[in-house]
Structures are given as structure tokens and as C-alpha cells.
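Here's the structure we're looking at; comments come further down.
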Amino acid sequence: MPDLKVSKISNGTVIDHIPPGRGLDVIKILRMERGFDNTLSLLMNVESSRLEKKDIVKAEDKELTKEEVDSVSVIAPSATINIIEDYGVVEKKRLRLPDKVEGVVDCPNPHCVTNTGEPVEALFEVVNQNPVELKCSYCERKFKALELEI
Amino acid sequence: MKGNLISIDDLERSDIEDFLSKASQAEKMSKAEASKILRGHILSTIFLEPSTRTRLSFDAAMKRLGGSTIDLAAEVSSVEKGENIADTSAVVAGYSDICVIRSPYEGTARMVAENTDVPVINGGDGANQHPTQTLLDLYTIKKEFGHIDGLKIGMLGDLKYGRTVHSLAEALDHYDVDIRLISPEETKMPEHIVEKIGIEEEKTELEIEDLDVLYATRIQKERFPDKQEYERVKGEFILNKQRVKEMKKGSILMHPLPRVGEIKPEVDKLPQARYFEQSCNGVPTRMGIILELLGVDKDA
């Protein structure tokens with residue numbers, strides 16, 4: 001087992017098995033890059049048995065809401081979420097995309113009505129779980145996970 | 001739940017047939033009979049982009065049914081003063097019994113439909129959908145042949161950027177038809193549509209002799225980011241008298257109009273030319289759409 005270069009957290013959430021390079025997006029989508037006061041660690045390109053490489057995000061004293069879990073599943077469907085209490089994993093959650101994704105990611109189509117300042121949130125229908133493919137419920141265009149802007 | 005007409009993608013074959021059947025009923029009615037049906041009803045039209053045929057044919061359709069119309073003039077409207085489309089359309093739609101909206105932004109009609117209690121018709125939303133055009137195209141084909149199944153239908157011209165052909169192809173996927181795509185390399189139909197509806201015939205030469213229906217389209221200058229590319233493809237596949245005469249007996253040539261040189265005026269008098277009738281079919285088709293969405297059955 002490779003040495004981890006960041007120490008364990010006592011309480012909080014570890015988001016593991018994030019596709020390599022997507023760790024920063026996970027932090028952004030959880031809006032933790034600003035205004036999150038506790039310790040936050042991002043490990044990128046860690047060796048993994050399941051994925052060749054993976055990113056890991058560790059957030060001290062952070063509990064994810066259901067909406068936050070759903071938002072992670074849009075950009076990192078392979079991730080697992082570990083709830084940590086007193087240095088131990090007390091719960092492990094596998095992600096599954098909901099049928100609809102609302103207000104999590106913006107529609108990449110600049111001509112979509114959701115990008116024009118109208119009072120309407122981006123809404124996507126999940127048309128494929130793996131690889132993730134979403135269809136905008138407004139402009140009806142389809143997008144792969146990598147095309148989605150955080 | 002109120003009915004809307006937002007996207008061809010929302011419709012099953014039976015929904016399409018219901019609209020076409022209502023259009024046929026509307027066309028067969030006498031003017032006197034039709035003009036009693038929607039007396040006292042109001043259609044609101046919100047056009048945030050220029051339109052001639054769609055706007056006027058909706059106006060004509062509602063008036064033929066005995067109703068009246070109110071129209072939001074975008075250039076002097078509250079939208080121009082900075083009010084958002086959602087608020088403006090909710091107010092205007094609220095003054096009427098049914099509303100048509102055209103907008104340059106994709107998804108606008110769906111947003112409007114969510115914000116109002118009256119039925120909403122998509123009169124075109126950017127490059128996305130123009131479902132009433134598709135229904136009038138299908139109506140024209142059905143009126144001509146008595147059926148849609150079994151026909152060989154060619155789509156010609158700008159298949160990459162033309163939303164009309166995308167919607168028509170998706171609607172025809174509900175029918176047992178052979179579709180042939182004919183276009184220059186530069187304006188081929190997007191792969192995801194070709195795959196979705198399983199089109200097998202793609203040509204880069206004008207092979208039209210064995211078609212029942214040839215649907216020609218305008219090359220839309222505004223959709224080309226590269227103006228040189230536009231200039232290069234615009235002259236290809238021009239339909240002149242000689243070429244159209246090669247089409248088989250009983251076949252028809254359609255075009256959503258306006259044309260910009262892709263069909264020569266000399267073709268207009270040939271028996272195949274059907275584009276002006278097609279355009280006129282916009283009125284009964286839109287009468288049918290209004291009747292269907294308002295749940296009016298004249299025989300009931």
C-alpha cells in the first residue's frame with residue numbers, strides 16, 4: 001500500500017476514487033474553495049488499485065447534504081464518500097446519479113435560456129449513467145460529463 | 001394538465017396524428033362554421049425575433065376560428081426596457097387563452113410554459129425546435145399522399161444547421177419511411193441525429209429521381225461562423241427546371257421558405273412544386289394546433 005502524504009482526519013468526509021484531475025472540480029462544485037474554514041486537503045494522481053490513478057478530497061468536520069452528494073456524482077460518478085468519525089470510517093456511500101440534476105452545473109450551451117439571466121435554473125435529465133450523459137431539459141442538447149462547466 | 005406544444009421530442013405518433021387530424025378538420029370547415037368556434041377567445045403572440053410566416057399564419061388561424069389576437073411588439077416592449085422574458089410572457093400570456101412565443105434563446109418556450117396556466121406553443125427557439133413548422137410539413141405530405149408510411153423522402157441542402165430538417169427527421173422517425181440525406185460535405189446532418197433515427201442513405205450528389213418527396217432547405221448564412229464556408233456551399237445543389245423534371249411522376253418538391261436562390265423561379269410552374277401550398281397549409285395546421293391544445297372538438 002502506497003504511503004499517503006496527508007494524515008488522516010478525525011471527523012469529516014473523505015471523497016475517494018475521484019477520476020484523476022477532477023479533484024479540484026469536486027471542491028469547486030461543493031463550493032469549498034472559498035469560505036470553508038476547516039482543513040481541506042486535495043490529493044491528486046494518487047496510485048489506486050481500482051483506478052490507475054485517482055484524486056482524493058478530505059474535508060475536516062464537513063458533512064455532505066444529499067444535494068451535495070448528487071452534485072459530486074455528476075462529475076465524479078466513480079467516487080466513494082467515506083464519513084469519518086474519530087479517525088474511523090463509519091459509513092461508506094457509493095454514488096448514483098439521480099434521474100434529474102437541478103441547479104448543480106450550468107448548461108454549456110451559451111444560447112440556452114438558463115444562461116441568459118432569466119429566473120430559471122439549469123435542469124438536466126440523466127440519459128446515461130456510464131459514461132455520464134445529461135440532456136438539458138430546456139435547450140434539449142446532450143452533454144458528456146467532461147463538457148460540463150463547474 | 002394543460003397541453004403545450006414545445007418540442008417534437010415530446011410527441012408520440014398518436015399525438016402527431018391528433019394534430020394532423022384536427023388540421024384536416026379545420027381545413028374542411030366552411031369559413032362561417034369555423035368562425036363560430038373560438039369566438040371570444042384570445043391568442044397572444046410574443047415574437048422576440050423576426051418572423052413573417054409563423055406570426056401571420058397564427059394570426060390568420062386564430063381569426064379564421066373567430067378569435068382575436070394580441071401581439072407583443074418586442075422593439076417597444078418591456079423586454080426592451082429590461083424586464084425579463086419570464087415575467088413579460090407570464091403577464092402577456094395571462095391576458096389570453098393561448099400563447100405563441102418565438103425567442104432566439106433555446107428553451108424559452110419551455111420556461112414560459114412553466115410560468116403560465118394557458119397552453120404555450122413554441123414558435124421557434126433559436127437553433128432548437130420549431131414544432132409547428134414540422135407539423136405543417138407532415139400535414140402537407142399526408143394531404144398529398146393520404147399517408148406518410150412507405151414514402152421515400154429526401155432532405156436536401158443545409159442539413160447541419162437547419163433546425164427544420166432536424167425536427168422533421170425526428171418526427172419521421174415515428175413513421176415507416178426511407179430517408180435520404182443529400183448535402184455537401186460541409187453541411188451534413190449531425191451524426192447524433194443520423195444515428196438516433198437510423199438513416200442509412202447519405203449522398204453528396206443530387207440523386208432525386210426515385211423520391212416521393214424532396215424537401216429542400218435554405219443555406220442559413222447566420223448559422224455559419226465562417227463566411228467563406230458559406231460562400232463555397234451556397235451555390236451547390238441548385239434546383240432548376242431540368243433537374244426537377246427528372247423527379248418521378250406524382251412526386252413533390254417542398255421547401256420551408258424563404259428561398260435564397262436554391263430553387264429557381266422557373267420551377268414554380270412544374271407539377272412537383274408544392275412549397276407555396278405547403279406555406280398556405282400553415283394556416284389550417286395552426287388552426288388544428290390551437291383547437292387541439294384548447295381541447296375544442298367541434299363534433300362534440
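So here's what we get for this one:
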quantity	calculated
Shape of the stretch B:95-189, Cα gyration tensor, a/c cut at 1.5	oblate
Span-rule helices in chain B, defined as complete DSSP H runs reaching 15 Å or more along the axis (Cα) with Kyte mean at least 0.5	B:282-293
For chain B, the fraction of alpha-carbon pairs in successive 10 Å shells from zero, as %	6, 28, 34, 23, 9, 0
List B:His130, A:His111, ordered by accessible area with a 1.4 Å probe, largest first	A:His111, B:His130
Heavy-atom SASA rank of B:His166, B:His174 (probe 1.4 Å, accessible area, largest first)	B:His174, B:His166
Mean ellipticity per residue at 222 nm, deg cm²/dmol - from DSSP H runs of n ≥ 4 across the protein assembly as shown, formula -39500 (n - 2.57)	-8000 deg cm²/dmol
Spatial extent of the stretch B:131-279: Rg and Dmax, with the Cα atoms as the point set, Å	14.2, 43
Centre separation in Å (Cα based) which lies between the stretch A:24-61 and the stretch B:141-210	48 Å
Column: log10 I(q)/I(0), Debye, Cα scatterers of the protein assembly as shown, q = 0.05, 0.08 Å⁻¹	-0.25, -0.58
Estimated FRET transfer efficiency (B:Lys248, B:Lys221; beta-carbon r; R0 35 Å; 0.05)	0.60
FRET efficiency for B:Arg232 and A:Asn38, using Cβ-Cβ distance with R0 set to 60 Å, rounded to 0.05	0.50
Two-site FRET efficiency, B:Arg39 against B:Asn84, from Cβ-Cβ distance with R₀ of 41 Å, rounded to 0.05	0.75
Cα shape, the stretch A:12-94, gyration tensor, a/c 1.5 rule	rounded
Cα centroid of the stretch B:1-30 to Cα centroid of the stretch A:102-150, whole Å	29 Å
Farthest toward positive dipole pole in the stretch A:100-147 [+1 Lys/Arg, -1 Asp/Glu at C-beta], among A:His111, A:Asn128, A:Val101	A:Asn128
Where labels lie 7 Å past Cα in the beta-carbon direction, separation of A:Thr80 and B:Leu270 in nm	6.8 nm
Chain A - convex hull of the alpha-carbon atoms, volume per residue in Å³	112 Å³
Residue-normalised accessible area of the protein assembly as shown, expressed per residue, 1.4 Å probe, Å²	47 Å²
Spherically averaged projected area in nm², based on the convex hull that wraps the Cα atoms of the stretch A:100-147	3.0 nm²
Where labels lie 7 Å past Cα in the beta-carbon direction, separation of A:Lys100 and A:Lys28 in nm	2.6 nm
Rg ratio (alpha-carbon, reference 2.2 N^0.38 Å) - the stretch B:187-258	1.25
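The values are calculated or read from the model by the stated rules, or taken from the named source; none is laboratory data. Everything numeric in this text was worked out from a predicted model, so none of it was measured. Glycine gets a Cβ as well: all are built from the backbone with ideal geometry, and neighbour counts include every protein chain shown. Side chains are part of the model used for accessible areas, which takes the heavy atoms of the whole protein and leaves out ligands, DNA and RNA. Shrake-Rupley method; radii C 1.70, N 1.55, O 1.52, S 1.80 Å.
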